[in-house]
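Q: Following this message is one structure expressed as structure tokens.
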Amino acid sequence: MQNIVSPVESRVANYRIGLVIEWYMGHVTHAQNLERSLRHNPSIEPTWMPVPFQSDDIWQKLPGHTLRLSLRARDLVRAAVQKNALDCLFYHTPVTALLSLGMMRRIPTILSLDCTPIDLVRMGAAYKYDAPNKLFDRLKFEWFRRMYENAATIVAMSDWAKNSLVRDYNIASEKVTTILPGLDLNQWRPTVKQVGKNQPLKLLFVGGDFERKGGYVLLEAFRSGLRDRCTLDIVTKDEIVTSAESVRLHRGLTPNSPLLRQLFADADLFIFPTLGDFIPFVVMEAMASGLPVVATNVGAIPEQVEDGVTGLLVPPNNPSAIAQAVSSLANNPDRLVAMGIASRDRAERLFNGERNYKAVVDLIEQCADEKRSL
């Protein structure tokens, strides 16, 4: 996607929608899946505004990524509005909307989020987040609450995120719609495997931020009890050093790429011992690929992985618990296969991208209709 993608001239659109997307890690996958849903919808003329973390612009030297993202998003929206009158704005995530409260009052706005700032503070250690002081925290809380209140509607990507909006920010429950993210289930498909007790178990880990996603915890678990009976494929953007012959490192893979999908197809078990997360796409990709998942019980992951049915949940930062969970499945191939089947079934029920993103598009159209009815 370019900074602003021109609409397709041949389409006859009823709605002009501005989509402001935080362009980083899992949010990129989310945007790509939403774009796929909108691609063949003739009623919507989208203007895509991806907001990068890093950019050669006047804001790059400012402290704090939140401020930089908000200013970049504000500039993009102003430029888009000058070219076309927009019927609705869709922001994912809310940090891109922080400096656009005035625009939100003029144009009906949907906020899409995977967590709230309070959720992030609760995971402060994993994200290395330290609140500067109580006054700053209070001002930040009030600013976000004001933004939530100004939104026409809010899309929460999990009940975990919705509960924080209602409980912590006193947002009316009926204003928040939980719509789980989804995948193109035709792209992510299970493969038939024969897993035996005497065969090495193929483990897969995918995490761009290797430390926060629990990569070093996994390596400790692997060295302490798994390397003699498992192989491990690691997909990350970080440079790491490992001398084990049974560990293979893959860097530079992009979301939804054929090679990444092939690694999921070849694996027997997906390992995701993240220290802090919200509703990670890689867990859904693993489940859609028919893989059991061993993951930590943080954020909304318990909404994804049904403990004991589609995988096993373990406490964060606990290598021995990971080793024990993996070993228990390695010793029981029949249970491993059953969990893989259950994973795919749950993905079809909960993470069907065609259905879930259509629900988001329906909300966008409703938001635009409300503007026209005023």
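The values are calculated or read from the model by the stated rules, or taken from the named source; none is laboratory data. These numbers come from a predicted model, not from an experiment. Counting neighbours? That spans all protein chains shown, and the Cβs are built from the backbone with ideal geometry, glycine included. Just the protein is used for accessible areas: all its heavy atoms, side chains included, with ligands, DNA and RNA removed. Shrake-Rupley method; radii C 1.70, N 1.55, O 1.52, S 1.80 Å.
Q: So which residue, out of VAL81, VAL176, VAL283, gets the largest mean-square fluctuation from a GNM of the chain using Cα contacts under 10 Å as springs?
A: Greatest mean-square fluctuation among the candidates belongs to VAL81.
Q: Scanning the chain for trypsin sites (Lys or Arg not before Pro) in DSSP loops with at most 14 other Cβ atoms within 10 Å, what's the longest stretch left with none?
A: Counting only loop sites that pass the neighbour cut-off, the longest clear stretch is 238-374.
Q: How high is the relative contact order of the chain, given as a whole-number percent (alpha carbon pairs under 8 Å, six or more residues apart)?
A: Answer for the chain is 16 percent.
Q: So what is the accessible area of the range 239-356 per residue, in Å², with the probe set to 1.4 Å?
A: Counting only protein heavy atoms, the per-residue value for the range 239-356 is 39 Å².
Q: Starting from the residue with the highest accessible area, list ASP369, ASP184 in decreasing order, probe 1.4 Å. Please report the intermediate quantities before stating the final value.
A: Details: ASP369 70, ASP184 45 Å².
Correct descending sequence by accessible area is ASP369, ASP184.
Q: In nm, to one decimal, how far is the GLN54 label point from the PHE141 one, both placed 7 Å along Cα→Cβ?
A: Those two pseudo-labels are separated by 3.6 nm.
Q: Which ³J(HN,Hα) values in Hz, rounded to whole numbers, follow from the phi angles of the range 175-182 under the Karplus curve 6.51 cos²θ - 1.76 cosθ + 1.60, where θ = phi - 60° and Gly and Pro get x?
A: Coupling constants for the range 175-182: 7, 10, 10, 7, 10, 5, x, x Hz.
Q: How large is the Rg to Rh ratio of the range 294-374 when both quantities use alpha carbon positions and Rh follows Kirkwood? Don't skip to the end; give the middle numbers.
A: On the way: Rg = 18.8 Å, Rh = 15.2 Å.
Ratio of gyration radius to Kirkwood radius: 1.24.
Q: Amide H of THR47: which non-local residues (sequence gap of 5 or more, or other chain) have their own amide H closer than 5 Å, using H built in the peptide plane?
A: Residues meeting the amide H criterion: ILE17, GLY18, LEU19.
Q: Now for a separate question. Taking the Cα atoms of the range 155-235, what is the range of coordinates along each of the three principal axes, in descending order and whole Å?
A: 54, 32, 22
Q: Can you send over the carbon and sulfur percentage of the accessible area for the range 283-374, probe radius 1.4 Å, protein chains only?
A: Exposed carbon and sulfur together represent 49 percent of the surface.
Q: Report the per residue volume, in Å³, of the convex hull enclosing the C-alpha atoms of the range 212-280.
A: Measuring per residue, one finds 103 Å³ for the Cα hull of the range 212-280.
Q: If I stretch the segment between ASN198 and GLU211 completely, what's the gain in nm (0.36 nm per residue apart, minus their alpha carbon distance), one decimal?
A: In short, 1.5 nm is gained.
Q: ³J(HN,Hα) across the range 214-223 via Karplus (A = 6.51, B = -1.76, C = 1.60, θ = phi - 60°), whole Hz, x for Gly/Pro?
A: Working through the residues one at a time gives x, x, 6, 5, 5, 4, 5, 5, 5, 5 Hz.
Q: Here's another thing I want to ask about it. Packing-wise, with mean Cβ within 10 Å as the measure, how do 90-97, 295-302 rank, highest first?
A: Result, highest mean Cβ count within 10 Å first: 90-97, 295-302.
Q: Continuing with this model, one more query. Sum -39500 (n - 2.57) across every DSSP H segment of at least 4 residues in the chain, then divide by the residue count to get the 222 nm mean residue ellipticity, nearest 500. Kindly include the intermediate steps, with their values, before the conclusion.
A: Working: 14 runs with 156 residues, N = 374.
It lands at -12500 deg cm²/dmol.
Q: If I model a spin label at ASP362 and ILE240 as a point 7 Å from the Cα along the Cα→Cβ vector, what separation in nanometres do I get?
A: Using points 7 Å along Cα→Cβ, the separation is 4.1 nm.
Q: Another question about this same structure. Classify the range 193-333 from the C-alpha gyration tensor, please: rounded if a/c falls under 1.5, else prolate or oblate depending on whether a/b exceeds b/c.
A: The shape class here is rounded.
Q: What is the distance, in nm, between label points placed 7 Å from the Cα along the Cα-to-Cβ direction at ASN317 and at ASN170?
A: 3.4
Q: Another question about this same structure. Between HIS40 and VAL121, what is 0.36 nm times their sequence separation minus the Cα-Cα distance? Round to one decimal in nm.
A: Computed gain between HIS40 and VAL121 is 25.2 nm.
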